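Note sheet for the following structure.
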Amino acid sequence: MNEKNESAADVHLFTDGGCSGNPGPGGWAFVLRHLKTGKEMEESGAQPDTTNNRMELLAVIRGLQALKRPCRVNLYTDSVYVGKGIEEWMPKWKKNGWRRREGSKWCPIKNEELWRELDQLLGVHRIQYFRVAGHSGHPENERCDELAVAAYQHLR
């Protein structure tokens, strides 16, 4: 464990993002829970023309940005895109100048600015990713979905 995280707080971050159409109006949301105090924070937002993957990423970014100091974070999301990005793809992208192979040529990664922003936040916090099944009755995931949909409803 990094020295900077020895006295870090333990938090759970639940996130979700979605769109009406892909691309289309989209929303993101998070529920942040401080384990020691039980205190919770919810936040959501919307964009008029976006993609599902961008909203999934933005939910995680906004949740991590809400933390006031370095924390140990258990991240719960139904986004395989976010999970694989954090655990598998991002180290390769960084090594290859934020590019990926498409056949025999190099191509820029999609949503690069968001992945770079997330990468900076991952340098501050110690993250452990957990995938939850979407729309399976997981209370916090359902709450995030509800908040994200409500956030973009007025844009439709």
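In the chain, the DSSP-assigned H stretches of four residues or longer account for a calculated mean residue ellipticity at 222 nm of -9500 deg cm²/dmol, using -39500 (n - 2.57) per stretch and the full residue count as denominator.
Annotation: lysines with alpha-carbon distance below 21 angstrom to residue 92 (same-chain offsets under eight excluded): 84, 105, 110.
Summary value for the stretch 8-153: 34 percent relative contact order, contacts being C-alpha pairs under 8 angstrom separated by 6+ residues.
As a footprinting exposure proxy, order 40, 56, 117 by other Cβ within 10 Å, with the fewest listed first. Working shown, then result.
Details: 40 14, 56 28, 117 17.
Ranking 40, 56, 117 by Cβ neighbours within 10 Å, fewest first, gives 40, 117, 56.
The length gained by stretching the chain between residue 43 and residue 126 to full extension, at 0.36 nm per residue less their Cα-Cα distance, is 27.8 nm.
Sorting 43, 113 by the number of Cβ atoms found within 10 Å of their own Cβ, with the fewest placed first, yields 113, 43. A Cα-only calculation for the chain places Rg and Dmax at 15.7, 52 Å.
Considering only DSSP beta bridges where both residues belong to the chain, give the percentage that are antiparallel (nearest 5). Present the calculation step by step, with values, prior to reporting the outcome.
On the way: 22 of 35 bridges.
The answer is about 65 percent antiparallel.
Amide H contacts for residue 100 (H built 1.01 Å from N in the peptide plane; partners 5 or more residues away or on another chain; cut-off under 5 Å): 107, 109.
On full extension of the chain, what length is gained from residue 10 through residue 68, given 0.36 nm per residue of separation minus the C-alpha to C-alpha distance? Walk me through the numbers before you get to the answer.
Details: separation 58, 0.36 × 58 = 20.88 nm, distance 1.26 nm.
Computed gain between residue 10 and residue 68 is 19.6 nm.
In a DSSP loop and with at most 16 other Cβ atoms within 10 Å, the trypsin sites (Lys or Arg not before Pro) in the stretch 96-135 are 110. With contacts taken as Cα pairs under 8 Å and at least 6 residues apart, the stretch 8-50 reaches a relative contact order of 40 percent. With springs only between Cα atoms under 10 Å apart, run a GNM on the chain and tell me which of 107, 71, 144 wobbles the most. Per the Cα network of the chain with a 10 Å cutoff, 107 tops the list.
Computed 3J(HN,Hα) for the stretch 44-56, one whole-Hz value per residue from the Karplus formula 6.51 cos²θ - 1.76 cosθ + 1.60 where θ = phi - 60°, is 8, x, 9, 9, x, 9, 8, 10, 4, 4, 5, 5, 4, glycine and proline marked x.
For the stretch 1-91, the relative contact order is 35 percent, taking Cα pairs closer than 8 Å that sit 6 or more residues apart in sequence and dividing their mean separation by the residue count. Computed log10 I(q)/I(0) for the stretch 51-129 at 0.13 Å⁻¹: -0.39, from the Debye equation with unit scatterers placed on every C-alpha and solvent omitted.
The numbers here are math on the coordinates, done by the rules we state, and not lab data. Here the structure is a predicted model, which means the values were calculated and not measured. Cβ sites come from the backbone with ideal geometry, for glycine too, and all protein chains shown count toward neighbours.
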